[in-house]
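Asker: Before anything else, here's the structure in question.
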Amino acid sequence: SNLLKGKKMNKNNLDLLKGKKMIQHSFKKYGEIKNEEDQFVLPTYSSNVEWKTLRKENELEISGRLIGGCIDAIKNILGTKYDYTKDFIERYKEDGIIWYFDIFSLTAEDLYLLLIQMREAGWLDYLKGVIVGRVKYPNSFVEMTYQDALRKVLDVPVIFNADIGHVAPKMTIINGAVTTITSSNGKGTITQELI
């Protein structure tokens, strides 16, 4: 089962490089359990995948140009001489922007403050939506949730608990791809095209 998933992901990646659309559907299960005695045993997945929407929409569709990654790392370039994010956003403003985030170890409060910084730096201009992966190490000092942080700053559609980021299995995400993300009844699809 895991081997077949790997073959499908490789086919998707090759199709994308050949100029075809890459269409990925949410997985059925997630949550790695590794065999500590034998490191070569494939992980098993035991938890049901359930994509969620921030404002509890039953169905959601977001289209635009994709940018993002591990937000713990992205925060380190904001405002530095290596920050070309605003240039990217201006170049593709007609497409609209979709941010994707993987949160590794930021607290919910850190995420809230970072989103405000991103907004003030113009990184959230032309924003059509946001997709967030499952959080591996959730953390808060004042019982703020990541959803609270997203809700306080963003007024666009947001999908969270998606199959991206540090928690396996995960979809392939291409920065700069023209993308449509749909979520319906806990499942989702990400369609990417390099144009």
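The values are calculated or read from the model by the stated rules, or taken from the named source; none is laboratory data. These figures come from a predicted structure and were not determined experimentally. Don't worry about glycine lacking a Cβ; one is built from the backbone with ideal geometry, like all the others, and counts go over all protein chains shown. For the accessible areas, the whole protein counts, side chains as well, though only heavy atoms, and no ligand, DNA or RNA atoms are used. Shrake-Rupley method; radii C 1.70, N 1.55, O 1.52, S 1.80 Å.
Asker: For a quick check, take a GNM of the chain with Cα springs below 10 Å and name the residue from Glu37, Glu94, Glu50 with the largest mean-square fluctuation.
Answerer: For the chain, modelled as a Gaussian network with Cα springs under 10 Å, the answer is Glu37.
Asker: While we're looking at this one, here's another question. Which order do Phe27, Phe141, Phe101 take by accessible area at a 1.4 Å probe, largest first?
Answerer: So the residues, ranked largest to smallest area, are Phe141, Phe27, Phe101.
Asker: Sort Asp95, Asp155, Asp163 by accessible area with a 1.4 Å probe, largest first. It would help to have the intermediate numbers written out before the result.
Answerer: Numbers: Asp95 55, Asp155 135, Asp163 0 Å².
Output order, biggest surface exposure first: Asp155, Asp95, Asp163.
Asker: Just want the answer: with Cβ charges of +1 for Lys and Arg and -1 for Asp and Glu, which residue in Val132, His166, Phe104 is farthest toward the dipole's positive end in region 75-174?
Answerer: Of the candidates, His166 comes out farthest on the positive side.
Asker: Let me ask you something else. If Tyr126, Tyr112 are ordered by their accessible area, calculated over protein heavy atoms with a 1.4 Å probe, which sequence runs from highest to lowest?
Answerer: Numbers: Tyr126 95, Tyr112 70 Å².
Solvent-accessible surface, decreasing: Tyr126, Tyr112.
Asker: Still on this structure, please answer the following. Treat every Asp and Glu Cβ in the chain as -1 and every Lys and Arg Cβ as +1, leave all other atoms uncharged, and give the resulting dipole magnitude about the Cα centre to the nearest 20 debye.
Answerer: Its charge dipole is roughly 660 debye.
Asker: So, R0 is 30 Å and r is the distance between the beta-carbons of Asn58 and Ile23; what FRET efficiency does that work out to, to 0.05?
Answerer: 0.90
Asker: Report His25's accessible area, 1.4 Å probe, all protein chains in place, as a number in Å² to the nearest 10.
Answerer: So the heavy atoms of His25 present about 120 Å² to solvent.
Asker: Just the Cα atoms of region 37-133: what Rg and Dmax do they give in Å?
Answerer: Computed over the Cα atoms of region 37-133, radius of gyration and Dmax are 16.4, 53 Å.
Asker: Also, quick follow-up: For Glu90 and Leu194 in one chain, what is 0.36 nm times their gap in residues minus the Cα-Cα distance, to one decimal in nm? List each step's numbers first, then the result.
Answerer: Details: separation 104, 0.36 × 104 = 37.44 nm, distance 1.81 nm.
Between Glu90 and Leu194, full extension yields an extra 35.6 nm.
Asker: Could you tell me which residue out of Ile71, Val156, Val41 lies farthest along the dipole of the chain toward its positive end? Charges go on the beta carbon: Lys and Arg +1, Asp and Glu -1, centred on the Cα centre.
Answerer: Towards the positive end, the residue furthest out is Val41.
Asker: Could you quote the convex hull projected area for region 107-195, Cα atoms only and averaged over all directions, in nm²?
Answerer: Details: hull surface 26.2 nm².
Projected over every direction and averaged, the Cα hull of region 107-195 covers 6.5 nm².
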